[in-house]
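Worksheet: one structure, shown below.
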Amino acid sequence: MDSKLKFKEYYRRNLPHYQQHESIFFVTTRLFFQLPEKLRKQLYEHRKAKQDFFLDFDKILANLSDSPKWLAIEKVRETVKEALHYNENKRYLLYAYCLMPNHIHILLQPISGNSLSKIMHSLKSYTAHQLKQIISYDKYFWQSENYDHLIRNNDDLINSTNYIINNPVKAGLVESWQDWKGTYYNSVMFE
């Protein structure tokens, strides 16, 4: 097995990543594209000055007109949804997700023996292979690194879930989260 995919409680690439056994994670990953240089500089300055960088970055992602929007294509969206559900209850418990046109938010809990890095690598590798055939694309499909947040308590779980399912509403794409075809909420996990 690739040593990069083995469970490590802490590792760092561009971002720090903390993993604890049996924890729930809020993960965001995006399609591969270069942010415009001007925007990267603005985000860097903004990140230094402010704690809620992620919220602002997510708003920018949702409204970025120059990025690919492959996840808005029904066949692409359905392929990613099927892949997310394929390993549900096998490698992870799936609480919620939202597939936006150029990024995804996922709330999941790895099942014992499965690291978050291994789960995300598998999901992105499989879907990239499938989706490149659908859209006739031969370059990178996903950004290599994910943003992940360790859920710390029940309030954090509720806030993260609400953030995920309401993402298309906040982006102005639908009036109600139930109307967005890329949203999944597993109510059984919250009983």
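Exposure proxy ranking for I135, I119, based on other Cβ atoms within 10 angstrom of each Cβ and starting from the fewest, stands as I135, I119. Near G182, once Lys and Arg are set to +1 and Asp and Glu to -1 for all other residues with Cβ below 13 Å from its Cβ, the sum equals +1.
The numbers here are math on the coordinates, done by the rules we state, and not lab data. Here the structure is a predicted model, which is why all the values come from computation and not from measurement. Methodologically, a virtual Cβ is constructed for each residue, glycine included, from the backbone with ideal geometry; neighbour enumeration extends over all protein chains shown.
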